[in-house]
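The values are calculated or read from the model by the stated rules, or taken from the named source; none is laboratory data. Remember, it's a predicted structure, so these values are computed and weren't measured experimentally. Here Cβ is always computed from backbone atoms with ideal geometry, including for glycine, and neighbour counts include all displayed protein chains. Remember, those area values only see protein heavy atoms, side chains included, never the ligands or the DNA or RNA. Shrake-Rupley method; radii C 1.70, N 1.55, O 1.52, S 1.80 Å.
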Amino acid sequence: MTTITTRTVEYPADGLTMFGHLALPAGAGRRPAVLLGPEGPGLNDVLRHRADALAELGYVTLAFDLHGGRWFTDPQEMLARCTPLLADPDRMRAMGHAALDVLRAEPRTDPDRIAAIGYGTGGAIALELGRDGVDFRAIGTINAVTTGRPGEAARIRCPVWAGVGSEDPMMPAAQRDAFAAEMQAAGVDWRLMVYGGALHAFHHPPIDHPDQILLPGVGHHPRHAERAWHDLVGLLAECVPVTE
């Protein structure tokens, strides 16, 4: 099995001290990199393990933090923080750039080969970085078919892949259509995958936590979760392959 190394990295963003999870592939040379964003509740072990899996594939990966080390179990607390954040593109971009600066500063990172993958709020941040003109090689999102300010999607310089559950009440058909229209009007190389029968956060396995409360419309779909991961890895292989 490929040996990877991991460490926690602290950095300031959004008035907080953030605690990201950096996973480095084996070897000593520069490698392509992935900025990995969590869903609204925050950075947890599920996303850390995904960062580790990407490092095993050869990518320097930073799973960034949203809430200063917190992981929300109460959805109302999470919404109280994330709703104003999602309504403020400049704030999302500032948070994303802070994490991206950490990833770029890592000596193993090839600064010319960086992709962004994000789930939910983390996906919205990835898209806002694209709308801000960050030169990513690819952007992949799940549960984040968000739209931006008029005309700014034209700054996106890379392919965009988005996955969403067909039964996700937080990402309904009208929102999916608006996202598609924005990408198409901007001339972006975009793809939208709708996973039939899947709810919001379908990719996230159940967590056995005594305080965890789920919003209506949230649920795991094991088959589609596996397919979505395969699709995201395929996006990376296409747009930013690992080469020696």
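In the chain, with Lys and Arg counted as +1 and Asp and Glu as -1 at Cβ, which of these residues, 94, 59, 35, has the Cα nearest the positive end of the dipole, that is, farthest along it? Farthest towards the positive pole: 59.
Using θ = phi - 60° in the Karplus curve 6.51 cos²θ - 1.76 cosθ + 1.60, the 3J(HN,Hα) couplings for the range 34-39 round to 10, 8, 10, x, x, 6 Hz; x is entered for Gly and Pro. Assuming charge only on the beta carbon of Lys and Arg (+1) and of Asp and Glu (-1), the dipole of the range 75-189 about its Cα centre is about 160 debye to the nearest 20. Suppose we look only past 34 Å in the calculated P(r) of the chain. What percent of the Cα-Cα pairs does that tail hold? Cα-Cα pairs in the chain separated by more than 34 Å: 8 percent.
Model label points for residue 83 and residue 7, set 7 angstrom from Cα along the Cα-to-Cβ axis, are 4.0 nm apart. Restricting to the chain, compute how many DSSP beta bridges are antiparallel as a %, nearest 5. Percent antiparallel among DSSP bridges in the chain is about 30. Listed values for the range 199-204 are Karplus-derived 3J(HN,Hα) couplings in whole Hz (6.51 cos²θ - 1.76 cosθ + 1.60, θ = phi - 60°), namely 8, 5, 6, 4, 6, 8, and x replaces Gly and Pro. For the pair residue 46 and residue 155, the difference between a 0.36 nm per residue extended length and the Cα-Cα distance amounts to 36.1 nm. Per-residue SASA remark: residue 17, around 70 Å² accessible (1.4 Å probe; ligands, DNA and RNA not included). Note on residue 175 and residue 94: the model spin-label points, each 7 Å out from Cα along the C-beta direction, lie 2.4 nm apart. Take the chain with all the other protein chains still there, run a 1.4 Å probe, and you get 42 Å² of accessible area per residue.
Sorting the segments 169-179, 93-103, 57-67, 21-31 by their mean number of nearby beta carbons within 10 angstrom, highest to lowest, gives 57-67, 93-103, 21-31, 169-179.
Of the solvent-accessible surface of the chain, computed with a 1.4 Å probe over protein heavy atoms with every protein chain present, carbon and sulfur atoms account for 53 percent.
The distance between label points at residue 101 and residue 192 comes to 3.5 nm (points 7 Å beyond Cα on the Cα→Cβ vector). Against the criterion of solvent-accessible heavy-atom surface with a 1.4 angstrom probe, 56, 10 sort, most first, into 10, 56.
Taking Cα atoms of the range 53-119, Rg/Rh with Kirkwood Rh, to two decimals?
1.03
Assuming charge only on the beta carbon of Lys and Arg (+1) and of Asp and Glu (-1), the dipole of the range 5-240 about its Cα centre is about 500 debye to the nearest 20.
Ordering of 196-204, 69-77 by packing is 196-204, 69-77, highest average first (other Cβ atoms within 10 Å, averaged per residue).
Computed with every protein chain present, the accessible area of residue 194 is close to 60 Å² [probe 1.4 Å].
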